[in-house]
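S.K.: To start, I am sharing the structure in question, which I have written as structure tokens.
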Amino acid sequence: MKIPFLNLQRQQKELLQPVQKLLTETMLEDILLGGKAVHTFEDKFARYLNVKYVIACANCTDALEIALRALQIGQGDEVIVPANGWMSAAEAVCLLGAVPVFVDSLVDRYTIDPDKIETKITSRTKAIIPIHLYGYGADMERIMGIAAAYGLKVIEDCAQAQGATIQGKKAGSWGDIAAFSFYPTKNLGAIGDAGALATNDEELSTTCRQIANHGQSGKNCHVRLGRNSRMDSFQAAVLSYKLGLLDQWNLRRRELAQRYNNALQPYYLHLPQEDEGYFHVYHLYVIRCADRKRLTKLLGEKGVGTAVHYPEAVADMQVFEAYSFADTPVASKQCHELLSLPLYPQLTDEEQMYIIEAMKEALSEMDQQIV
């Protein structure tokens with residue numbers, strides 16, 4: 001049996017008829033950018049997150065940069081970012097002339113370590129960008145407490161956490177503002193690319209909306225320097241439809257993750273953790289294995305696709321070497337051990353059982369001891 005790491009075609013086929021209908025309806029609308037479909041999605045997603053305002057934009061990297069600009073973060077300001085995760089948070093900070101300050105990861109949860117944040121705060125620190133990684137929420141209670149104590153803004157990176165909750169609150173509803181990705185592989189994915197911002201601050205919402213649309217407060221009324229970062233109507237229509245399926249899909253992800261956990265628990269692997277009060281939505285199912293290279297090879301020989309998220313800690317990347325001082329040992333070590341197994345709502349039970357048996361055989365070949 002051949003099982004790729006991800007098979008998006010299954011979802012596309014499953015949704016082909018309703019999406020084709022949406023495309024036809026949307027093409028017949030007068031406005032294909034910023035029209036009714038976009039406003040409808042913004043309203044639906046705001047209700048889903050239990051926030052007041054959602055601002056659609058082109059992608060999550062734009063969303064992060066727009067949020068930073070709206071909070072007036074720029075040249076010489078410092079922004080605390082996680083050492084592990086996708087690089088967009090640190091990238092957006094740098095593009096505005098600000099300085100990314102890397103903080104190490106939690107040993108067992110992979111999100112930013114709140115205990116190490118305060119040691120990195122200086123008089124120039126203006127904000128914290130926690131990333132909800134792999135579908136698991138960062139420790140927002142602790143982070144918001146630290147931010148309040150030091151007068152810092154919080155920008156949540158929710159690219160991998162649509163539907164995740166922390167202490168009963170949705171990821172994206174904790175900070176001053178949150179950035180979302182709807183890249184096709186996400187739990188809630190567009191057909192192309194798209195992103196959004198979420199906030200409860202009306203003034204911040206207005207500023208972000210202006211920045212995302214060439215700084216306009218109204219047609220041909222440019223009140224600030226902005227950019228072109230708009231969600232097209234077709235992506236918005238698809239996202240509105242898929243939003244109604246998100247919770248169902250997330251529950252399926254959790255079902256698959258629990259089956260992996262139950263089967264692999266006896267082995268000396270580090271499996272995903274979920275603390276009380278957290279709702280993990282398993283954008284990725286990530287294990288930690290000391291000999292990742294060999295496990296990957298053995299699984300590949302058995303037809304099981306895997307992936308690495310991420311092969312290098314952001315703090316260790318050459319592009320950020322001017323800002324990193326090699327003091328993120330946990331994230332640096334984890335990046336050599338983390339391995340993602342196939343997990344998506346359309347993965348069948350039969351396929352997952354094959355993956356599990358392939359894992360057991362591979363671990364046996366590696367002389368992996370059972371606990």
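Computed from the coordinates by the stated procedures, all read-outs in this text should not be read as laboratory data. What you see is a predicted model, and the numbers here were worked out from it, not measured in a lab. Here Cβ is always computed from backbone atoms with ideal geometry, including for glycine, and neighbour counts include all displayed protein chains.
S.K.: For the condition within 19 Å of the chain's Cα centre (by Cα), crowded, with 24+ Cβ neighbours inside 10 Å, over 14 Å from ALA198 (Cα atoms) and not polar (S, T, N, Q), what is the one hit in ALA67, ALA63, ALA56, ALA92?
M.R.: After ruling out the rest, the residue left standing is ALA92.
S.K.: Here is a check on your reading of the model: is LEU188 closer than 19 Å to GLN346 by Cα and more than 17 Å from the chain's Cα centre (by Cα)?
M.R.: no
S.K.: How many of the residues making up the range 305-322 are more than 26 Å from LEU188 (Cβ to Cβ), buried (at least 17 other Cβ atoms within 10 Å of the Cβ) and not small (Gly, Ala, Ser)?
M.R.: Selection size over the range 305-322: 2.
A quick yes/no check of all residues on (1) buried (at least 24 other Cβ atoms within 10 Å of the Cβ); (2) in contact with a Lys or Arg (Cβ under 7 Å, 6 or more places away or on another chain):
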{"position": "ALA149", "(1), (2)": "no, no"}
{"position": "LYS153", "(1), (2)": "no, yes"}
{"position": "ASP157", "(1), (2)": "yes, no"}
{"position": "LEU197", "(1), (2)": "yes, no"}
{"position": "SER217", "(1), (2)": "no, no"}
{"position": "CYS221", "(1), (2)": "no, no"}
{"position": "GLY244", "(1), (2)": "no, no"}
{"position": "GLN248", "(1), (2)": "no, no"}
{"position": "ARG253", "(1), (2)": "no, no"}
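S.K.: Looking at ILE117, is it in a helix (DSSP H, G or I) and within 24 Å of HIS309 (Cα to Cα)?
M.R.: Judged against the criteria, ILE117 is a match.
S.K.: Moving on. Give the number of residues within the range 279-297 that are crowded, with 17+ Cβ neighbours inside 10 Å and either touching a Cys at 6+ places or on another chain (Cβ under 7 Å) or of a type outside the set (A, V, I, L, M, F, W, C) (or both).
M.R.: Residues that pass the stated criteria total 8.
S.K.: Are any residues in the range 83-110 closer than 18 Å to TYR150 by Cα and in contact with a Ser or Thr (Cβ under 8 Å, 6 or more places away or on another chain), and if so, which ones?
M.R.: Selection gives VAL101, PHE102, VAL103.
S.K.: Could you list, in sequence order, the residues of the range 9-43 that are under 20 Å from PHE180 (Cα atoms) and polar (S, T, N, Q)?
M.R.: Hit for the range 9-43 is THR40, nothing else.
S.K.: Looking only at the range 231-254, decide whether some residue is over 21 Å from the mean Cα position of the chain (by Cα) and farther than 25 Å from GLN160 by Cα.
M.R.: No: zero hits.
S.K.: Further, regarding this structure: Scan the range 9-27 residue by residue and report those that are among the aliphatic types (A, V, I, L, M) and either over 27 Å from the mean Cα position of the chain (by Cα) or within 15 Å of GLN235 (Cβ to Cβ) (or both).
M.R.: LEU15, VAL19, LEU22, LEU23, MET27, listed by residue number.
S.K.: Filter the range 110-146 for residues that are out of contact with any Lys or Arg (no Cβ under 9 Å at 6 or more places or on another chain) and without any contact (Cβ under 8 Å) to a residue 12 or more places away in the chain; which is surrounded by the fewest Cβ atoms within 10 Å (Cβ to Cβ)?
M.R.: SER123
S.K.: Test GLY172 against the criterion of being in a loop (DSSP other than H, G, I, E, B) and in contact with a Cys (Cβ under 7 Å, 6 or more places away or on another chain), and give yes or no.
M.R.: The answer is yes for GLY172.
S.K.: Among ALA149, ALA179, which is the only one that is among the small types (Gly, Ala, Ser) and either in a loop (DSSP other than H, G, I, E, B) or without any contact (Cβ under 8 Å) to a residue 24 or more places away in the chain (or both)?
M.R.: Testing whether each residue is among the small types (Gly, Ala, Ser) and either in a loop (DSSP other than H, G, I, E, B) or without any contact (Cβ under 8 Å) to a residue 24 or more places away in the chain (or both) leaves just ALA149.
S.K.: Hand me the list of helices (runs of 4 or more DSSP H) wholly inside the range 1-84 holding 3 or more residues that are touching a residue at least 24 places away in the same chain (Cβ under 8 Å), among the hydrophobic types (A, V, I, L, M, F, W, C) and in contact with a Cys (Cβ under 8 Å, 6 or more places away or on another chain).
M.R.: Filter on the range 1-84 gives 60-70.
S.K.: Tell me, which helices (runs of 4 or more DSSP H) wholly within the range 266-371 include 2 or more residues that are of a type in the set (Asp, Glu) and more than 26 Å from ILE166 (Cα to Cα)?
M.R.: Result: 349-365.
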